[in-house]
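Shown next, in structure tokens, is the structure this report addresses.
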Amino acid sequence: PAALALLCGSAAAVVVWKWLGRRQIQKKMEEARRTRDEGVKKMAKVVQQFREQVPSVQTDAILSLPLLELTGRLQEGSLSPKTVLYTYLEKALEVTQQTNCLRHFIPECEEQLQEIQRQREKGLLYGIPVSIKDHVGHKGHLSTCGLVQCLDTPVQEDSVLVKVLKSQGAIPFAMTNVPQSLFNYDCSNPVFGQTLNPLNHQKSPGGSSGGEGALIAGRGSILGIGSDIGGSIRLPSSFCGLCGLKPTAERLREVDQCLAPRSLNVDICSRPTPVPCAVGPMARDVDSLALCMKALLCQEMFQLDPTVPPIPFDEEVYSSSAPLRVGYYDTDGYFPLPPCMRRAVWETRGALQAAGHQLVPFSPPRIHYVMTELFLKTFFADGGRAWLDVFTGDIVDPNLKSQVNCCKIPRLVKKLLALILKPLQFLLLLKFKNVATISTRRSVKEMWNHHHQIEVYRTEFIARWRELQLDVVLCPVLGPAFTTGYPGKLLTAISSTMLYNVLNFPAGVVPVSTVTEADEEELRLYRGCCDDPWDRTLKQAVAGAVGLPVAVQCVALPWQEELCLRFMKEVETLSREK
């Protein structure tokens with residue numbers, strides 16, 4: 001009886017301890033939401049005061065200006081930075097009320113407004129309000145990654161990227177929402193909630209730069225900074241009808257690792273990895289991306305961070321009109337995309353050919369191998385332990401539970417599963433898309449070999465590219481926008497974007513069309529690869545998308561961001577003419 005009483009008492013103590021821990025987590029989350037809501041209310045008051053002082057502001061006219069035209073108006077003085085800032089603040093308030101895209105306003109934007117007027121020279125982004133993704137470091141603000149453990153310590157200094165933006169006259173004014181741990185292409189976390197697509201509130205804006213996608217697509221920002229380690233700039237751009245560029249990872253500096261040590265423990269973009277994270281711009285047109293790259297690739301960037309190669313933006317390459325030799329494919333053979341995305345590639349191919357460019361069929365080699373052996377095993381090399389650690393003392397977002405549960409499978413069970421499933425290897429390569437997530441942890445020797453395999457694959461891919469004498473490649477991107485909740489069920493449907501993270505090639509997304517009734521009819525006949533549960537889930541995810549954007553992906557070789565953007569501009573021009 002005494003032993004039973006002790007056991008019951010211990011069990012009760014554990015239950016109480018867990019309850020207290022969970023209550024503490026809930027309190028932290030409530031406090032974070034309260035702080036955000038108070039910031040929103042304060043900003044709404046400031047905007048209201050401005051509207052009362054200057055009632056004649058033509059809001060719609062300002063919001064409709066493309067970035068290049070807006071910068072011209074600000075440089076010549078026909079528009080004031082104050083008017084532009086408060087116009088975008090007002091619109092951002094409206095968009096986040098509808099979509100929950102903001103994590104926090106940056107009240108210091110008013111100080112930066114004063115600061116740019118004291119600068120001796122007007123920078124390339126003079127007076128331009130810029131939104132930044134949650135984990136891009138801004139002094140005095142949190143870098144949360146949607147995790148409770150990161151709600152305590154504000155960043156001590158601006159990241160290099162933010163410093164350069166400010167030196168070019170930009171005004172960072174908002175930080176945008178992200179999925180928990182950044183490892184999802186939906187956009188929700190237990191702290192700040194689900195972000196919705198402004199074009200259709202049943203749909204996801206994509207992720208992990210989903211808050212940026214929603215804010216820019218809702219016209220609450222004209223230029224945003226995202227990051228991309230598997231498609232996190234390109235997928236929100238595809239889902240929200242924006243242009244987005246993932247540069248070669250080392251071309252821009254993202255975040256100072258010494259500034260936010262707590263974020264470093266959870267931020268997958270800060271970990272040393274053979275598949276590097278890239279930071280890049282998101283906007284409503286390609287010229288905006290080019291201007292942002294030109295502004296960032298400046299002497300200030302190269303001085304602040306000597307690890308960034310001092311390669312200024314090459315305007316001559318971007319402005320060229322020489323015909324291009326374009327490789328193209330409409331499927332990578334790993335995860336068949338919806339009919340409208342393949343249609344977009346073929347229509348763009350035809351438009352490019354009619355415009356005088358050479359189009360050459362191209363087939364990316366061994367995508368099944370890349371996806372299972374190179375990409376997923378990069379992130380789950382330790383059996384997922386490091387990723388699981390970020391959820392310690394946290395509540396797991398429902399959209400991540402399947403991945404988290406998969407990683408929690410005991411090591412012995414993983415080994416047994418690997419043995420049992422080995423005879424079915426071919427079928428698994430075809431359709432068991434999360435096979436890599438149950439891999440057991442590997443030795444240092446195996447990790448070195450893994451790095452070598454990635455280099456071998458890059459060499460093979462470039463050799464095939466050179467053999468065909470390609471300038472650029474046109475290919476599909478995942479889309480149209482998924483219904484919320486579905487991205488977590490189809491983690492590896494991102495093979496179309498993931499490939500160019502493994503290769504570390506610059507890649508961008510351009511909207512070229514919209515989903516039609518005919519596309520929706522064709523979707524009903526979609527069988528994918530085998531008409532299996534994954535194919536049927538994809539079909540459900542993209543259904544009901546008539547009128548939503550359809551995009552293509554444009555790719556160049558490493559360090560050729562200007563050529564990639566020039567190709568994107570050509571695609572954009574032809575699609576608008578059509």
Counting DSSP beta bridges with both partners in the range 40-308, what percentage is antiparallel, nearest 5? 65
Excluding ligands, DNA and RNA, the carbon-plus-sulfur percentage of the accessible area of the range 72-203 with a 1.4 Å probe reads 43
Alpha-carbon centroid distance for the pair the range 477-551 / the range 299-363, whole angstrom: 19
For the range 267-343, what does the alpha-carbon gyration tensor say about shape, rounded, prolate or oblate, given a ≥ b ≥ c as the root eigenvalues, a/c under 1.5 as rounded, and a/b over b/c as prolate? oblate
The farthest towards the positive end of the charge dipole of the range 40-308, of the residues CYS109, LEU63, VAL160, given +1 on Cβ of Lys and Arg and -1 on Cβ of Asp and Glu, is LEU63
Heads up, the chain by the C-alpha gyration tensor (a ≥ b ≥ c square roots of eigenvalues; a/c under 1.5 rounded, else a/b over b/c prolate, else oblate) looks oblate
Over 18 Å between Cα atoms: which of LYS294/LYS569; LYS82/LYS139; LYS377/LYS445 fall into that group? LYS82/LYS139
For 4-10, 467-473, 360-366, ranked highest to lowest by mean beta-carbon neighbours within 10 Å, the order is 467-473, 360-366, 4-10
Dipole of the chain, positive end: most advanced residue of LEU491, THR195, PRO172 [Cβ charges, Cα centre]: LEU491
Given the peptides 276-284, 226-234, 377-385, arrange them by the average over their residues of other C-beta atoms within 10 Å, most packed first. 226-234, 276-284, 377-385
For the chain, averaging the sequence separation of alpha carbon pairs under 8 Å that lie six or more residues apart and dividing by its residue count, the contact order in percent is 16
Using 0.36 nm per residue, how much length does the chain from GLU121 to ALA5 gain when fully extended, once their Cα-Cα distance is taken away? 34.1 nm
If each residue of separation counts as 0.36 nm, what is the full-extension length gain between ARG73 and LYS27 once their alpha-carbon separation is subtracted? 11.9 nm
Given a 1.4 angstrom probe, what's the average accessible area per residue across the chain, in square angstrom? 40
Please give the calculated 222 nm ellipticity per residue for the chain, where each DSSP H segment of at least 4 residues contributes -39500 (n - 2.57) and the sum is spread over every residue; nearest 500 deg cm²/dmol? -14000 deg cm²/dmol
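The values are calculated or read from the model by the stated rules, or taken from the named source; none is laboratory data. Keep in mind it's a predicted model, so treat the numbers as computed, not measured. Virtual Cβ from ideal backbone geometry, glycine too; neighbours counted across all protein chains shown. Heads up: the accessible areas ignore ligands, DNA and RNA and are worked out on the full protein's heavy atoms, side chains in. Shrake-Rupley method; radii C 1.70, N 1.55, O 1.52, S 1.80 Å.
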